[in-house]
Every structure is written in structure tokens, then in C-alpha cells.
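**Student:** Input: one structure, supplied below.
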Amino acid sequence: MKAHHFDRLTQTHIAAASRRGLIGVLVAALFVPRLSAAGAVASQRETCPCPDPPCFLRKWGQEGNGDGQFLGPTAVAVAPDGTVYVADSKNHRIQYFDTDGTYLGQWGSKGRAGGQFLRSVSVAVAPDGTVYVMDVGNRRVQYFDAAGIYLGQWGSDGAGPGQFDHSANVAVAPDGTVYVADPGNDRIQYFDAAGTYLGQWGGEGTSEGQLRYPSDVAVAPDGKTVYVADTFNNRIQAFCVASGAEGARPVATPATGTPVVRSPAPATV
């Protein structure tokens, strides 16, 4: 009887150990996929001053037209060196600051000459530090060095290549290609770093690749995908950007692969 009782106890303990082992394996399996996420959160907590990011860091500015004041700021961009550029739209200028919000300088005033603006609504910074500004009232893009020295411009009112109708936002790819959301013409246009027209895509409509008042454009860090806020169609469209037959010129197609209406750059004589 004692031996039989011992065998039963042994079997019970083995079964319990097996169950504990199985539970341990299942628990481990549940937590293994979460380690990377937990590690990412831990990394964030190491760099942020609060235990549960995102957390408030600082603020600057108030209504006005003095240094560091704003009147209808509409866009912000950060340069590779950390300088913060703000499109101070209704003051018709660009202001720039360090990462703590310390005022560093500004440029621009109301007007039509180079370096002046009629509502500077968008700002973007290229990898080399060149600053591009969408001057919506003058239907043009202007570009400057990091300190605001005027370098050039392109654009005019119209629907032709390189022209704009109430253009909204500008974005710069890692290779320096400049993309402009041209909502009044229901299209995206793109240019080289000096404003040479390279092409466009879009056209009014609701099909894939067509646009209705595209109000913003952004480029992925690898430069291969362009995202467009297709405002009146209430959607975001993503486009794959690749080299075309013309050489290094970008050609865009929807990420799904559906062809889009696009216009190549005009032939040079």
C-alpha cells in the first residue's frame, strides 16, 4: 500500500511539475514579443524627462510682430543641425530658433520682391540646410541659405508646368527633390533643388492617383514614398517614387501600382 501511495504521489508531483512547466512556457511565449516594445518604451523614458512619453517640454511665442512673436504661424520645420524654422504667415516672414526656443533671427516682409512674401505658409529644410518657403500669395517657391540669404525662386500664377494655383505646402526629399502640393490645380509638382521643373501627377478626380485639392505632401525618410493629403477626397494617398526612363528623374505611381496621369519635364532645345 505504501509503495502504491508513493507511486500516486510521484505521478501527481510529475503532473503538477509538467503543468507548471507548460504554464511557464506559455507565459514566456506571451512576453517574448513584448520585450522589444518594452525596450523601446524604456529607451524613450531614458531620453524624455517624464515617465510616460510624449511629455511637454517647452513653449515659446505670443501674438504680435516682434522678435519671437507670431501672427498665424502655419508651419514649422527642423534643420539637420536642430535649428527650428517657423512660417510666420501673417507677418510675412520666417523666424528661426534654437531647440530651446531662443530667437536666432528672421527674414522677410510683405511684398513681391525676392525675399519678400505674401503669406509664407509653408517651410521645409533640405538635407544640405537650404530653406524652401511657399510664398502662397505670390504663387511661388523661394529658397534661402540657413541664415535667410536669398538664393532664388520659381513659380507664377497659372496651370502650366511650374505654375501654381493657391499652392499650399512644400517638402524636400533626401536627394534634394522638392515636392509642391498645388491644390488649386489638383496635382503634385516636383522640381530639382534649384527649381527646374521635373514633372507632376494628379488631375481632378476620385480614382486612385487622382486628387481633389491636395493640401499637403510629405516624403518618407528613405525618399521612396511620397504621401499626399487628398483633402476633398477625405483620404491619404501614397505614391512610390522611382527612376524613370529619362534618367534620374523621379516618376510617381500609386503604391498599389495603378498608373497615374503625370507630365514629364519639357524637352530642352
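The values are calculated or read from the model by the stated rules, or taken from the named source; none is laboratory data. Quick caveat, the model's predicted, so the values are computed rather than measured. Areas reflect the complete protein model, heavy atoms only, side chains present, ligands, DNA and RNA absent. Shrake-Rupley method; radii C 1.70, N 1.55, O 1.52, S 1.80 Å.
**Student:** Give me the extension gain from residue 196 to residue 57: residue separation times 0.36 nm, minus the current Cα-Cα distance, reported in nm with one decimal. Mind dumping the intermediate values first?
**Tutor:** Working: separation 139, 0.36 × 139 = 50.04 nm, distance 4.00 nm.
Length gained, residue 196 through residue 57: 46.0 nm.
**Student:** Over the Cα atoms of segment 41-144, how large are the radius of gyration and the largest Cα-Cα distance (Dmax), in Å?
**Tutor:** Using the Cα atoms of segment 41-144, the pair Rg, Dmax is 15.4, 51 Å.
**Student:** Could you work out what % of the accessible surface of segment 162-216 is carbon and sulfur, using a 1.4 angstrom probe and leaving DNA, RNA and ligands out of the count?
**Tutor:** Values: 700 of 1710 Å².
Solvent-exposed carbon and sulfur of segment 162-216 make up 41 percent of the total.
**Student:** Could you tell me which of rounded, prolate or oblate describes segment 129-253, using a ≥ b ≥ c as the square roots of the eigenvalues of the alpha-carbon gyration tensor, with rounded for a/c under 1.5 and, failing that, prolate when a/b is larger than b/c and oblate otherwise? Walk me through the intermediate numbers first.
**Tutor:** Details: a/c = 1.66, a/b = 1.23, b/c = 1.34.
Here segment 129-253 falls in the oblate category.
**Student:** Is the C-alpha gyration tensor of segment 141-203 telling us rounded, prolate or oblate? Criteria: a/c under 1.5 is rounded; beyond that, a/b larger than b/c is prolate, otherwise oblate. Spell out each step's value before the answer.
**Tutor:** Details: a/c = 2.03, a/b = 1.57, b/c = 1.29.
Judged from the Cα gyration tensor, segment 141-203 comes out prolate (a/c at least 1.5, a/b above b/c).
**Student:** Could you do me a favour and compute the accessible area per residue for segment 111-222, 1.4 Å probe, result in Å²? Please report the intermediate quantities before stating the final value.
**Tutor:** On the way: 3940 Å² over 112 residues.
Value returned for segment 111-222: 35 Å² of accessible area per residue.
**Student:** Just to confirm my numbers, what's the Cα centroid distance between segment 70-105 and segment 216-230 in Å?
**Tutor:** When both Cα centres are located, 22 Å separates them.
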